[in-house]
Amino acid sequence: MRAYYRARLVREEHMLARVGIWYLAPLVPGLVLFMTAQAIVTGMATPLGLALYAGLPLLLFAGVWLLNHRAAAMLRAQIDRIDRAAAPIGDSE
């Protein structure tokens, strides 16, 4: 049971640590296109206008990324505890 639980934690940690690639990155092209079109339509197609339009989504993406990396670090700590508990007694590395 311990090996199965550890394998599940490793799989989940792997996905959380790479959330930028599989979850956030696919949204970026469409979001950039949409935000650019909105800036053009509203007359804010300047670098400052584009930065203002992109600011909130960038903060949101950064928050999602940071929260997932924090969760991945917590899972890594749990995996390490499982590994230490499974180590034979007297094995000091």
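Numbers below:
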| item | result |
| --- | --- |
| Tabulated pairs, the stretch 17-39, first under 19 Å from Leu75 (Cα atoms) and at pLDDT 90 or above, second of a type outside the set (A, V, I, L, M, F, W, C) and part of a helix (DSSP H, G or I), C-beta under 6 angstrom, 6+ apart or interchain | Val19/Asn68 |
| Residue in the stretch 37-56 that is under 30 Å from Glu12 (Cβ atoms) and either among the small types (Gly, Ala, Ser) or under 27 Å from the mean Cα position of the chain (by Cα) (or both) present | yes |
| Residue selected from the stretch 40-93 under the condition polar (S, T, N, Q) and either touching a residue at least 12 places away in the same chain (Cβ under 8 Å) or in a helix (DSSP H, G or I) (or both), by the criterion farthest from Val19 (Cα to Cα) | Gln78 |
| Matching residues, the stretch 9-38, being charged (D, E, K, R) and either loosely packed, with under 14 Cβ neighbours inside 10 Å or not in a helix (DSSP H, G or I) (or both) | Arg11, Arg18 |
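The values are calculated or read from the model by the stated rules, or taken from the named source; none is laboratory data. Model, not experiment: these values are computed from the prediction. Virtual Cβ from ideal backbone geometry, glycine too; neighbours counted across all protein chains shown.
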